[in-house]
Amino acid sequence: MEIRDALKNVLTAPEVKGLWALRAELLEAGLPDDSRVWSLVDEFQKFLDDLATSSTSREHSELASLLDISALGGVVLENVLEKEGAEELGLRLLAGLVSEGLMVAATRQHVKAWGAELDAVYRRSA
């Protein structure tokens, strides 16, 4: 592979694997150790690592949020299956829904925080 092809690959499909191929091509071409290109390649790798970490964090936050939302159904089902009066059922449902609703809101905040972290990655890279 030539430097031009390696560079094209890493710019069109940015992955750490492709970046290592570009590094190999640059080494093979005899690029001096003090070339500014090395710091650029290092920064690009940091960007890709930050992006991968943030994306994984987002996926986990989204899953946690969905699980919390699903827990609302469990609270409702648990309270409906209890054999108690309508007034007691209403109070327990309300308390459970408020409590679980706050947990859902909290997990949604984690997802928003992830978005802010990713924005920071983009700003640093710009």
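No lab work stands behind these numbers, since they all come straight from the coordinates. A quick note: this is a predicted structure, and the numbers were derived from the prediction, not measured. Positions of Cβ are backbone-derived with ideal geometry, glycine not excepted, and every protein chain shown enters the neighbour counts.
Using only the Cα atoms of region 1-49, construct the convex hull and provide its projected area averaged over every direction, in square nanometres to one decimal.
Mean orientational projected area (region 1-49, Cα hull): 3.1 nm².
Find out how many positive minus negative residues lie around Ser57, taking Lys and Arg as positive, Asp and Glu as negative, among other residues whose Cβ is under 14 Å from that of Ser57.
Every neighbour counted, the sum reads -4.
With n ≥ 4 as the cut-off for DSSP H runs, can you work out [θ] at 222 nm for the chain, using -39500 (n - 2.57) per run divided by the number of residues, rounded to the nearest 500?
-31000 deg cm²/dmol
Could you tell me which helices of the chain pass both thresholds, a Cα extent of 24 Å or more along their own axis and a mean Kyte-Doolittle hydropathy of at least 0.0, with helices taken as whole DSSP H runs?
36-81, 86-125
Can you pull the one-decimal nm distance between simple spin-label points at Thr53 and His110, each 7 Å off the Cα toward Cβ?
Result: 1.8 nm between the two label points.
Label 7 Å along Cα→Cβ of Arg92; region 50-80 residues with amide nitrogen under 18 Å?
The answer is 71-80, whose backbone nitrogens lie closer than 18 Å to the label point.
With springs only between Cα atoms under 10 Å apart, run a GNM on the chain and tell me which of Leu89, Leu19, Leu63 wobbles the most.
In the Gaussian network model the winner is Leu89.
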